[in-house]
Amino acid sequence: MGNKRDRLKEILLEKAIRFGDFTLASGQKSTYYINGKMATLDSEGLNLTAEIFLDMIDGIECDAIGGPTLGADPIIGAVVALAHNRGRKLSGLIVRKETKDHGTQKLIEGPVAEGMKVVVVEDVTTTGGSPGRAVEIFREAGCDVIKVMTIVDRKGGAAEKLAGMNVPYEPIFAKEDLGL
């Protein structure tokens, strides 16, 4: 996984990190911003992310990869497609920001079913609010969330929050790995 990880780090440093004054989704202020979508909407960056995440769940029994829209959307699609290429069956599940007010009025898109073992993915995590919400929504749907994975952990409390929810958490990178 080393070469994949090293190359993904280069892509993140080149395309996804900006310096300035930013307000994060958590409401916190920061002097740097990591736009994970700049890596996951890049063909090489997305392929590497999906490959690494699949490597991270190799040997772990799960039925689906899911996460909060919008950061997880490209990751979910790529992981599901690459899983097929590796001979592994995985479904993709996307947690909406809010319930649809039309059609089926779903909060989770995809073939969610009670008893599914789900791995939650995210691009960048600070406090753990977004993946934590996804964990709660999947649990309310009767799923067993077995792990949360993120590309970058900004070290803003996500590990502690998810540990408190009794969910294993594994980032590809911590902010220090990127020199932040």
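The values are calculated or read from the model by the stated rules, or taken from the named source; none is laboratory data. These numbers were taken from a predicted model, which means no experiment stands behind them. Cβ coordinates were reconstructed from backbone atoms using ideal geometry, including for glycine residues, and neighbour counts include every protein chain displayed. Side chains included, ligands, DNA and RNA excluded: accessible areas come from the protein's heavy atoms. Shrake-Rupley method; radii C 1.70, N 1.55, O 1.52, S 1.80 Å.
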Give me the percent relative contact order of the stretch 20-119, please, defined on Cα pairs under 8 angstrom at least 6 residues apart. 23 percent
Toy charge model, Lys and Arg Cβ at +1, Asp and Glu Cβ at -1: the stretch 88-165 dipole around Cα centroid in debye, rounded to 20, equals 180 debye
Roughly how far apart, in whole Å, are the Cα centres of the stretch 2-75 and the stretch 126-180? 13 Å
Other-chain or far-sequence residues with amide H under 5 Å of residue 117's (modelled H): 63, 64, 144
For the chain, which whole percent of the accessible surface, found with a 1.4 angstrom probe, sits on carbon and sulfur atoms? 48 percent
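Provide the percentage of antiparallel DSSP beta bridges, counting only those with both residues in the chain; round to the nearest 5.
So the antiparallel bridges in the chain amount to around 25 percent.
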Between residue 174 and residue 28, with labels modelled 7 Å along Cα→Cβ, what's the label distance in nm to one decimal, could you check? 1.3 nm
Pairs of lysine residues in the stretch 50-122 - Cα separation under 22 Å, sequence separation of 8 or more or cross-chain: 4
When we measure straight from the Cα of residue 175, which lysines land under 25 angstrom away, once same-chain ones fewer than 8 places off are left out? 4, 9, 15, 29, 37, 147, 155, 161
For residue 84 and residue 117 in the same chain, what is the full-extension length gain: residue separation times 0.36 nm, less their Cα-Cα distance, in nm? 10.1 nm
Relative contact order (%) - criterion: Cα under 8 Å, at least six apart; region: the chain: 17 percent
With a 1.4 Å probe and all protein chains left in place, how much accessible area per residue does the chain have, in Å²? 48 Å²
